[in-house]
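Values quoted throughout were computed directly from the atomic coordinates according to the rules given, and no laboratory measurement underlies them. Everything numeric here is computed off the predicted structure, so don't read it as measured data. Counting neighbours? That spans all protein chains shown, and the Cβs are built from the backbone with ideal geometry, glycine included.
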Amino acid sequence: MDFLTHALVGALLGELSPERIKNRQAKGALAAMSPDIANLVAYPYLGIKSGNIIPYAYPRDFYANPWIVDHWTWVPWEITHSFLFWGLIVMPLLLYFKKPLLFGVAYASHLLLDMPSHSGIWSTVPFYPFEYRFDGWFDAWAWGAQEIFISAMTVFLLWRCAAALKLSGPDVLAWPLEAES
Ligand SMILES: [Zn+2]
């Protein structure tokens, strides 16, 4: 998915989370965007390689350079988009540092949304390092402004509905032990 849709899904999840979490919408948004921090390896690399003025790669650069998916700069993205990384690293760390469950759920929302929205050689590898590719059915990562706007607006409206209906509760999106406190 595009970064704006990811952020707004995170904000929506934050809205549903317990009110005691300070700035829960912003925290949800950041957690939902965080798997793409790994893009800060391949995007600048390919941007420089493609001779762009701004060291950042556009979708057209990816389409022109399909070898990038076999390059080491692509690996961090596959790691952060793996449910094994989420389950074995992200969730245990959150539990250990007593961080809200919201972070883990928002992170997982990113992985789930990226599965249908990456297709062909750009597919996600949901159980990396195991080489199973999930072939999605569209390429939201290469969307233009109009598609991003429609997608983001849809989620934005859902978020505002959730806010208006005050759907958050003390034990929604909370760890089981957290619910009572
Ligand atoms: Zn992603």
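Couple of notes before you dig in:
- Counting only helices (runs of 4 or more DSSP H) that fall entirely inside the range 74-181 and contain at least 2 residues that are closer than 18 Å to HIS6 by Cα and within 15 Å of the ligand (Cβ to nearest atom), the qualifying elements are 75-80, 101-114, 145-164.
- Residue in the range 33-47 that is within 16 Å of VAL105 (Cβ to Cβ), surrounded by 18 or more Cβ atoms within 10 Å (Cβ to Cβ) and within 12 Å of the ligand (Cβ to nearest atom) present: yes
- Taking every residue in the range 109-124 that is touching a residue at least 24 places away in the same chain (Cβ under 8 Å) and pairing it with any residue that is of a type in the set (D, E, K, R), at least 6 positions away or on another chain, the pairs with Cβ-Cβ distances below 7 Å are SER117/ASP139; TRP122/ASP139; THR124/ASP114.
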